[in-house]
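Before any comments, here is the structure.
The values are calculated or read from the model by the stated rules, or taken from the named source; none is laboratory data. All values derive from a computational prediction rather than experimental measurement. Backbone-built Cβ (ideal geometry, glycine too); neighbour counts: all protein chains shown.
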Amino acid sequence: MVETSAASARQSWSTSAAEPGRALAYWVDTICKSFLEIDIDTPERERFRAQLDQVEFGPAMLYVVAAGEQMVRRTPARIAHGGTDAYYFLMQLRRGQARFRQSGRECLLEPGDCVLVDCHHPYALDCLPNTRTVALRFKQDWLDNWLPSAARLAAQPFRPHEGWNAALSHALANLENVPEEQLALPPGVVAEQIAALFALAAGPGAQVSSASGKLVARLKQSIRDRCLEPDLSPGAVAELHGISVRYLHYLFANSGTTFGNELIRMRLDMASRLLSDRRYLALPISEVAARCGFVEPSHFARRFHQAFGVSPSEFRAQRR
């Protein structure tokens, strides 16, 4: 059984809706369809209880999971079956205790601890009874804008006792029970702030080490800073960094993208935030397009539909 709130796009699944004796099977099926392709087992087969809440959160997806004792495995077979999209989960344990293993690293998680889960690689998560977690799912290419080498942080615990770790922990904790419609900012903006806090908590050591990787990161940041300029060109960005246009295109191609793709992606990201923000409900779609660097509203509408599967006006209506 799925409960859905149209106002907040929140969905909930609970094993209480399962047939007697089918709670674990229901839970595995629910998780694989709504959360991630994983294997789950539990010693509490006859009395297993769990609930999953899911909320669209701008470029991310927010999950709150409460469950009994369970052993979770992300296997190579599950990864192969799950498609080509690559994700990270920034997870915080809110209650209970859990042990997480990935890429040769292992950590014991206590309430308040945060950890990054790289869904492109196998992992094991063992949860003691009555755990509760908050998790934000990011696409890897989106989080790479904040942490180009995020994969190196997998299974590294971020304890909530000091510095930016504490700020990150408090930010995630605030998402556990606060309805998204009560946020002072659009969810997409909040997701970006949490990604920035995560980058600060990770520190300088999490940044790319190669010279070319650092330069690509700076190029992407320049595009993000100036993506609202309708006439932004590869030449302008290349000149800003003292490189040739040809070398700029080579760097992006070597990173599996192009200047044009990055520019459009960042403009559409900004447009989705404006369309999700209740403060801009009276702003015409054509003005949203102009503010995000699109000269032609028709071009904006076409690109937006390609990226999000709906028109800008339908996207806004869904979030209203």
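Filtered by the rule that a residue be basic (Lys, Arg) and under 18 Å from Thr42 (Cα atoms), segment 56-94 gives Arg73, Arg74. Among the residues making up segment 289-320, those that are in contact with a Lys or Arg (Cβ under 9 Å, 6 or more places away or on another chain) and over 19 Å from Glu229 (Cα atoms) are Ala307, Arg319, Arg320.
Would you confirm, using the coordinates I've provided, whether Leu281 is outside the structural domain of Leu147 (by TED's automatic domain parsing), at pLDDT below 90 and over 24 Å from the mean Cα position of the chain (by Cα)? Step through it out loud before you land on a result.
Details: outside the structural domain of Leu147 (by TED's automatic domain parsing): yes; at pLDDT below 90: yes; over 24 Å from the mean Cα position of the chain (by Cα): yes.
When the stated conditions are applied, Leu281 passes them.
Here Asp225 clears all of (1) in contact with a Gly (Cβ under 8 Å, 6 or more places away or on another chain); (2) closer than 20 Å to Gly293 by Cα except the condition numbered (1).
Within segment 36-58, which residues are touching a residue at least 40 places away in the same chain (Cβ under 8 Å) and within 11 Å of Gly68 (Cα to Cα)?
Residues of segment 36-58 touching a residue at least 40 places away in the same chain (Cβ under 8 Å): 36-38, 44, 52-58.
Matches in segment 36-58: Glu44 only.
Residue-wise test of (1) of a type outside the set (Ser, Thr, Tyr); (2) in contact with a Leu (Cβ under 7 Å, 6 or more places away or on another chain).
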{"residue": "Leu219", "(1), (2)": "yes, yes"}
{"residue": "Arg224", "(1), (2)": "yes, no"}
{"residue": "Pro230", "(1), (2)": "yes, no"}
{"residue": "Pro234", "(1), (2)": "yes, yes"}
{"residue": "Val237", "(1), (2)": "yes, yes"}
{"residue": "His241", "(1), (2)": "yes, yes"}
{"residue": "Gly256", "(1), (2)": "yes, no"}
{"residue": "Ile264", "(1), (2)": "yes, no"}
{"residue": "Ser272", "(1), (2)": "no, no"}
